[in-house]
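See below for the structure under consideration.
The values are calculated or read from the model by the stated rules, or taken from the named source; none is laboratory data. None of the values given here were measured: they were computed from a predicted structure. When we count neighbours, we look across all protein chains shown, and the Cβ atoms used for this are built from the backbone with ideal geometry, even at glycine. Heads up: the accessible areas ignore ligands, DNA and RNA and are worked out on the full protein's heavy atoms, side chains in. Shrake-Rupley method; radii C 1.70, N 1.55, O 1.52, S 1.80 Å.
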Amino acid sequence: MTVPQSSIPFVPSRPLPSGDALLSAAHGAEALLGDRVAAAGIELARPPSFGIDDEMRARAGQLIRATIDATELALRTAEPMFDDGPTGELGERFIAAGLLARTGLAAAALLRAEEHRLAAALVRGAGEIEGPGAQRLDPIGGEFAAESFAVRAAEAARIERTGDPLLPLHDVPAEDRHALFWQVAACLADRALWQGREETDLHRAAGAAVARALAAVDDGEGIAPAAMRLAHRVDGARQLDDALLAGTLAAGRVASLAGMLAVRVGIPFDDARAMITDAARFAVLLRACEVDRGIAAAMVLALALALDRGYGADPSDHAATLVEGYNALTVERARAEVRRARLEPHYRDALAALTGR
């Protein structure tokens with residue numbers, strides 16, 4: 001997501017002399033104008049295939065600010081020195097300082113917004129509460145009740161009562177979460193410095209707060225581990241079949257489907273989930289899982305329709321083209337392509353760049 005980066009400095013609680021304040025405001029306006037021009041150039045040149053429309057931008061922006069607010073609350077709870085002043089005001093400061101470009105928070109928010117949109121579109125397209133195959137995952141009774149209930153609980157923690165998506169801290173990748181906590185701690189410390197707090201004490205408190213707050217985040221509560229536990233349980237019972245995959249897709253349970261496909265082909269959850277956000281990559285993933293051609297065709301069409309944003313090729317024609325190539329692609333080649341996801345990310349990205357992809 002492209003977010004204009006502002007150079008406007010933090011306004012201290014102590015007023016500046018009037019002349020300095022005027023010059024500071026003028027310099028800030030000049031810098032902001034340059035930033036706006038640069039951002040406009042990027043934004044207007046952005047291809048439609050990026051799929052970041054106004055709805056996605058607004059939803060991802062809300063997720064970013066809500067996640068920053070949750071991080072601030074965690075740090076305030078962990079360190080009394082930071083539990084001072086108004087809450088929920090760090091988001092703008094965080095973005096204006098350019099910190100959003102230095103963490104994976106924007107990418108995590110966009111992915112969560114895309115997943116939420118896709119899930120809703122799939123359910124509307126299917127016209128059913130549950131796909132037939134997914135009825136085996138009923139959390140009330142049934143063979144997989146415990147694991148299914150854990151997934152439903154994790155899914156519920158990712159939805160507000162208004163129906164809007166949430167991005168729980170345990171769903172932010174560990175490396176990005178680590179950076180986020182330190183960055184928000186810096187925002188809190190910077191504000192405290194302007195209020196006259198002693199710097200050495202603040203830095204020491206920031207380190208302690210980050211350590212305690214990060215330790216309080218339980219990665220085991222996230223959607224990824226819950227979905228993977230369910231998938232492994234179903235696979236162990238030899239019920240991870242094509243009908244279940246198709247039913248889970250029709251039910252709009254994107255995370256559960258990602259876990260099932262990840263277990264079936266042997267790749268990480270996040271990589272399987274990323275492949276579900278594109279019909280072509282999804283088709284390759286299904287081929288690697290040796291999904292029956294007829295079922296795969298229906299799944300690819302359903303996904304293409306759900307992903308359609310009203311521009312480009314007709315989704316039905318696009319899906320038909322992908323299905324034509326489904327049988328032509330051998331399972332071995334599909335698996336080799338999909339299992340690149342298991343490689344070290346920097347190594348994998350370099351290989352892709354060298355081959356022009």
_Checklist (1) touching a residue at least 12 places away in the same chain (Cβ under 8 Å); (2) assigned to a helix (DSSP H, G or I); (3) within 24 Å of the chain's Cα centre (by Cα) applied to Val234, failing item_ = (3)
*Complete set of residues in the stretch 220-250 that are open to solvent by less than 10 Å² (accessible area, probe 1.4 Å) and of a type in the set (A, V, I, L, M, F, W, C)*: Ile223, Ala226, Ala227, Leu230, Ala231, Val234, Leu244, Leu245, Leu249
*Counting only residues that are modelled with pLDDT of 85 or more and open to solvent by 70 Å² or more (accessible area, probe 1.4 Å), which one in the stretch 140-150 is nearest to Gln239 (Cα to Cα)?*
Glu143
_Subset of the stretch 38-83 (residues that are out of contact with any Gly (no Cβ under 8 Å at 6 or more places or on another chain) and either among the β-branched types (Val, Ile, Thr) or not in a helix (DSSP H, G or I) (or both))_ = Ile42, Ala45, Arg46, Pro47, Gly51, Ile52, Asp53, Thr67, Thr71, Thr77, Glu79, Asp83
*Check Ala255, Ala298, Ala304 and return the single one that is in contact (Cβ under 8 Å) with a residue 40 or more places away in the chain and farther than 25 Å from Asp176 by Cα.*
Ala298
*Residue check, Leu303 against (1) assigned to a helix (DSSP H, G or I); (2) modelled with pLDDT of 95 or more; (3) over 20 Å from the mean Cα position of the chain (by Cα), all met but one. Which one?*
(3)
_Considering residues of the stretch 33-58 that are within 22 Å of the chain's Cα centre (by Cα) and open to solvent by less than 40 Å² (accessible area, probe 1.4 Å) only, the residue farthest from Ala108 (Cα to Cα)_ = Gly51
*Members of the stretch 309-336 that are modelled with pLDDT of 90 or more and either acidic (Asp, Glu) or not in a helix (DSSP H, G or I) (or both)*: Asp314, Asp317, Glu324, Leu329, Thr330, Glu332
_So, in the stretch 97-139, how many residues would count as being touching a Cys at 6+ places or on another chain (Cβ under 9 Å), at pLDDT below 90 and assigned to a helix (DSSP H, G or I)?_
0
*Hey, does the stretch 246-267 have a residue that's at pLDDT 90 or above, in a loop (DSSP other than H, G, I, E, B) and on the phi > 0 side of the Ramachandran plot?*
yes
*Looking at (1) part of a helix (DSSP H, G or I); (2) open to solvent by 60 Å² or more (accessible area, probe 1.4 Å); (3) at pLDDT 90 or above, which is the one condition that is false for Glu290?*
(1)
*Within the stretch 191-223, how many residues are part of a helix (DSSP H, G or I) and modelled with pLDDT under 90?*
11
*Among residues belonging to the stretch 307-320 that are farther than 18 Å from Met275 by Cα and free of Cβ contacts under 8 Å to residues at least 40 places away in the same chain, point out the one that is most open to solvent (accessible area, probe 1.4 Å).*
Asp317
*Can you tell me which residues in the stretch 78-92 are modelled with pLDDT of 85 or more, closer than 20 Å to Glu199 by Cα and open to solvent by less than 70 Å² (accessible area, probe 1.4 Å)?*
Ala78, Glu79, Met81, Phe82, Leu90
*Does Glu332 meet the test of being of a type outside the set (Ser, Thr, Tyr), open to solvent by 60 Å² or more (accessible area, probe 1.4 Å) and in contact (Cβ under 8 Å) with a residue 40 or more places away in the chain?*
no
*Kindly establish whether Phe269 is open to solvent by less than 40 Å² (accessible area, probe 1.4 Å), under 20 Å from the mean Cα position of the chain (by Cα) and under 19 Å from Met81 (Cα atoms).*
no
*Give me the pairs: first residue in the stretch 102-118 and acidic (Asp, Glu), second residue surrounded by 19 or more Cβ atoms within 10 Å (Cβ to Cβ) and part of a helix (DSSP H, G or I), beta-carbon distance under 6 Å, and six or more apart or on different chains, which are they?*
Glu115/Val254
